[in-house]
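Please treat every number below as a calculation from the coordinates, not as lab data. What you are looking at is a predicted structure, and each value in this text was computed from that prediction instead of being measured. Counting neighbours? That spans all protein chains shown, and the Cβs are built from the backbone with ideal geometry, glycine included.
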Amino acid sequence: MAAPCANVESVTGLLKERLLKCGFEVYPLKIGWYNSVLPSSLHLPYPDDTLAVVVLSTPCMFEQAFLPFLEKKGCQGLSDPIDQCVRHHISSAVSECFSGQKVDVRYDYELLPSRKPKFLAQTAAHVSGAAYYYQKSYVTDHSWPKNKIFGVCVHPNYGGWFAIRALLVFEDVTVGSEMLQPAPPDCVPTREGRIQLLEAFNLHWQDYSYRDIIRAAETYSQKQRDYFSTLPAQRFALLRTWG
Ligand code: GSH
């Protein structure tokens, strides 16, 4: 009898070997888990038992992947350096580990011609068990007048100090019922905590307080905070001050 989830472990094992040291994490999911929580207009066009993997960046991605990437490429004429760095690491891992296999790589910053995102990153993180996606409908008997309240994911180790970067769909890999869906850890279980989280994220996300809704094992370095607090157009000037 085949080992349980042999397909899954062989895929995630290769990705982890390549990506963990660069500050990324990978979480497998079935397309059916994702599609089952979304209206059909947002479904990914693959059978339910197709394997996908969501890729997150953790706090050390900045020092372990991004700064070395910049050093190698030089900043001159480089646009969207974060996106390019993420793409470089993920696409080289995919082409080296899965050459000849059909892998649909969707990045968080990519849009379809309809202007919809190529995948719903927070939904993918939630259904894979990586990070709980808190939405306003989970807070009972509370309403936020006027404002549209966006939901936000909280990672059990990093709180809000992480980002969801890509979804990889392994078009030829199917997984059976032996792959069980993990529930994401509910790190903000109380109503008051969820209100605080959603208000901090929607009303003053720039002060980063929503990211500390739980005590994180690791957070962004001061350098990384300064980088992301600076408008993208001014980031090269900031980098020059770092020498
Ligand atoms: N497109 C620009 C680039 O590639 O340099 C900007 C990228 C960017 O700042 N992305 C945000 C990010 O990485 C949105 S995902 N933020 C990290 C965070 O919010 O934790």
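Results, tabulated for the structure shown:
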item	result
Subset of segment 142-156 [touching a residue at least 24 places away in the same chain (Cβ under 8 Å), loosely packed, with under 14 Cβ neighbours inside 10 Å and over 20 Å from Leu120 (Cβ atoms)]	His142, Asn147
Number of positions in segment 8-33 that are in contact with a strand residue (DSSP E or B) (Cβ under 7 Å, 6 or more places away or on another chain), assigned to a helix (DSSP H, G or I) and crowded, with 19+ Cβ neighbours inside 10 Å	5
Conditions (1) assigned to a strand (DSSP E or B); (2) within 16 Å of the ligand (Cβ to nearest atom): number failed by Gln206	(1)
Residue that is surrounded by the fewest Cβ atoms within 10 Å (Cβ to Cβ), among those in segment 95-115 that are within 17 Å of the chain's Cα centre (by Cα) and away from the ligand (no atom under 13 Å from the Cβ)	Asp104
Lys102 vs. criteria of a type in the set (Lys, Arg) and closer than 22 Å to Pro232 by Cα	no
Residue satisfying all of: in segment 116-142; touching an Asp or Glu at 6+ places or on another chain (Cβ under 8 Å) and closer than 23 Å to Cys60 by Cβ; farthest from the ligand (Cβ to nearest atom) among these	Tyr132
Residue within segment 209-216 that is part of a loop (DSSP other than H, G, I, E, B), away from the ligand (no atom under 16 Å from the Cβ) and of a type outside the set (Ser, Thr, Tyr) present	yes
Selected residue [touching a helix residue (DSSP H, G or I) at 6+ places or on another chain (Cβ under 9 Å), without any contact (Cβ under 8 Å) to a residue 40 or more places away in the chain and within 16 Å of the ligand (Cβ to nearest atom)] from Gln64, Gln84	Gln84
Unmet criterion (only one of (1) within 12 Å of the ligand (Cβ to nearest atom); (2) surrounded by 20 or more Cβ atoms within 10 Å (Cβ to Cβ); (3) small (Gly, Ala, Ser)) for Ala52	(1)
First in segment 226-239 and β-branched (Val, Ile, Thr), second anywhere and away from the ligand (no atom under 11 Å from the Cβ), Cβ under 8 Å, 6 or more apart	Thr230/Leu238
Meets criteria (within 15 Å of the ligand (Cβ to nearest atom), free of Cβ contacts under 8 Å to residues at least 40 places away in the same chain, surrounded by fewer than 20 Cβ atoms within 10 Å (Cβ to Cβ) and over 26 Å from Glu17 (Cβ atoms)) for Ser79	yes
Qualifying helices (runs of 4 or more DSSP H) (wholly inside segment 62-149; at least 3 residues being under 30 Å from Pro182 (Cα atoms))	81-97, 121-128
Any pair with Cβ under 7 angstrom, 6 or more apart, that starts in segment 157-169 at a residue that is touching a residue at least 24 places away in the same chain (Cβ under 8 Å) and near the ligand (Cβ under 10 Å from one of its atoms) and ends at one that is in a strand (DSSP E or B) and basic (Lys, Arg)	none
Count of residues meeting criterion [surrounded by 17 or more Cβ atoms within 10 Å (Cβ to Cβ) and either of a type in the set (Lys, Arg) or near the ligand (Cβ under 10 Å from one of its atoms) (or both)] in segment 217-234	3
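Here's the yes/no breakdown for (1) touching a helix residue (DSSP H, G or I) at 6+ places or on another chain (Cβ under 6 Å); (2) within 30 Å of Ile214 (Cβ to Cβ):
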residue	(1), (2)
Ser95	no, no
Leu112	no, no
Cys153	yes, yes
Leu167	yes, yes
Pro189	no, yes
